[in-house]
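Below: the structure, in structure tokens.
The values are calculated or read from the model by the stated rules, or taken from the named source; none is laboratory data. The structure presented is a predicted model; accordingly, all values stated were derived computationally and were not measured. Because the Cβ atoms are built from the backbone with ideal geometry, glycine has one as well, and the counts that use them run over all protein chains shown. We work out accessible area using only protein heavy atoms, side chains counted, and drop any ligands, DNA or RNA first. Shrake-Rupley method; radii C 1.70, N 1.55, O 1.52, S 1.80 Å.
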Amino acid sequence: MHLKKRFKKQILFMVSLFVIASSIIALQMYTIIPRKIMIMEGEEYIYNVGAPFKIDAEVNKSGVLSLNGDIVEDNYSVNLKSPVVIKSDSLGDFKINFKLFGVIPIRSVNVNVLPKMTIIPCGNTVGVKLYTDGILVIGTSEVTGEDGKEYRPWKEAGIKKGDIIKSMNGDKLKDIEHMVKLIEKAKGKPITIKVKREKDEFKTEIHPKQSAEDSKYKLGLWVRDSTAGIGTLTFYDPNTNYFGALGHGITDVDTGELLTVGEGTIIQSKIVSIRKGQKGKPGELKGIFMQNQDAIGNIRFNNECGIYGLYNGNIDNEFMKPMPVALRTQAKEGKAYILSNVQGEKVEKFEIEIQKVNRQNELQSKGMIIKITDHNLLALTGGIVQGMSGSPIIQDGKIVGAVTHVFVNDPTKGYGIFIDSMLKTTENLINGS
């Protein structure tokens, strides 16, 4: 009897060990295996897990993906000790379900197979003029009325810093001057306004108060309707006429909010001086807009991955030739170079090192860590400086991304965005999504 109980306990103990071990393995595989893979049509994606396990792979559509050279019809056993090679000649989105022992689900991986494409890397600095879609509230204050009392019209209306006022009494706001005219026209009567706050829109009423200072009607709001600066043009796609620049979004300096685009343009610029970057003090390219030149592009969109729009210019440099695109799955640590315009109007080639590649980073503008290694650029700028954002990153003859941010405490280092993140935005614009 005691032997039977001991035997049952041993069996239960072994089963418990098996369950625990399986759970640990499954958890390790879940964290290691990416949830999304992008590959080019007909090109191999090699992923080295380096784990001493075998797992089963199920593809949701037979005959479209190959693993380690074998076309997967249904189930396929994958030895993770060796690199896993994924390839497809079929465009589209497919799914691989990985299971441990063919039973325990580990990870469902979406495989996006894209057509091979080429775009033109640029590297030219451009002047950016952007007008917001509505009027951005950047601050609030009290209005001293003619009766000597302090009023807060914005508070009663529920307006906050960071809100965007889209219209007044049904009139779509064009700029601050238009807004002031509509306030004066109301003569102190309540104004119905449409407000956008993050992704939501709502209507409210605001009551202008006549100021004791100048007898004008005021709302107690500090507002902004535009911004301007210098950035770098990353790429131009001659097949769609779309451009991408900056690699990160334009945000308001006071609110930190991404600016929504009403209209905007990019124009040619010329670098006239450089404030060299130092530890704790980011540097800056100082340029002038070529006012006698026509706009070379119309800005259509501004998001966390940069600014985008239709290109209609004729700027040129010796590097502006069609170049294959490298997806994030093809980016690797090692030598690369950037194209950047840090003197006058000349675009030059500067050596860098990609020090880290984070393919699963949700912060899209921070997919790579790069280091400037070019002695000439370090002597000129000290590293990455403001205005260089958008400089295309080239590796192995392919455009892999763009410079985005500098490390404040080490200007020789910074972040880069994957080019596929930028191209996704242009794809959405073309498709109207």
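Before moving on, here are some points about what is shown:
- Accessible area of segment 119-237 divided out per residue, in Å², using a probe of 1.4 angstrom: 51 Å²
- Neighbourhood charge, 11 Å Cβ-Cβ cut-off, centred on Asn75 and excluding it, Lys, Arg +1 and Asp, Glu -1: -3
- Selection from Val261, His178, Gly313, by position along the positive dipole direction of segment 171-322 (Cβ): His178
- A simple charge model with +1 on the Cβ of Lys and Arg, -1 on the Cβ of Asp and Glu and nothing else charged puts the dipole of the chain at about 1780 debye relative to its Cα centre.
- Rounded to 10°, Cα long-axis angle of helix 176-186 versus longest principal axis of the chain: 60 degrees
- When the C-alpha to C-alpha distance is required to be over 32 Å, the pairs from Lys174/Lys321; Lys129/Lys332; Lys99/Lys332; Lys36/Lys161; Lys172/Lys270 that qualify are Lys174/Lys321; Lys129/Lys332; Lys36/Lys161; Lys172/Lys270.
- Element breakdown for segment 288-407 at a 1.4 angstrom probe: carbon and sulfur atoms account for 46% of the accessible area.
- Per-pair calculated FRET efficiency, R0 = 30 Å: Lys349 and Arg35 via Cβ, rounded to 0.05: 0.25
- Counted by Cβ distance under 14 Å from Asn314, the other residues give a net charge of -3, where Lys and Arg count +1 and Asp and Glu count -1.
- Carbon plus sulfur fraction of accessible area for segment 102-203, probe 1.4 Å, in percent: 50 percent
- Helical mean residue ellipticity (222 nm; -39500 (n - 2.57) per DSSP H run of 4+; nearest 500) of the chain: -5000 deg cm²/dmol
- Overall, the accessible surface of segment 214-270 at a probe of 1.4 angstrom is composed of carbon and sulfur to the extent of 44 percent.
- Accessible solvent surface per residue of segment 238-280, calculated while the other protein chains remain in place, 1.4 angstrom probe, Å²: 48 Å²
- One entry in [x] 27, 58, 16, 0; [y] 22, 40, 28, 8, 1, 0; [z] 23, 50, 25, 2 is P(r) over Cα pairs in 20 Å bins from 0, in percent calculated from the shown coordinates; its label is [y].
- For segment 179-279, GluC sites (Glu not before Pro) meeting the loop criterion (DSSP other than H, G, I, E, B) and having at most 11 other Cβ atoms within 10 Å: Glu198, Glu213.
- A straight line joining the Cα centroids of segment 388-433 and segment 90-144 runs 11 Å.
- Probe 1.4 Å, accessible area per residue of segment 350-406, Å²: 37 Å²
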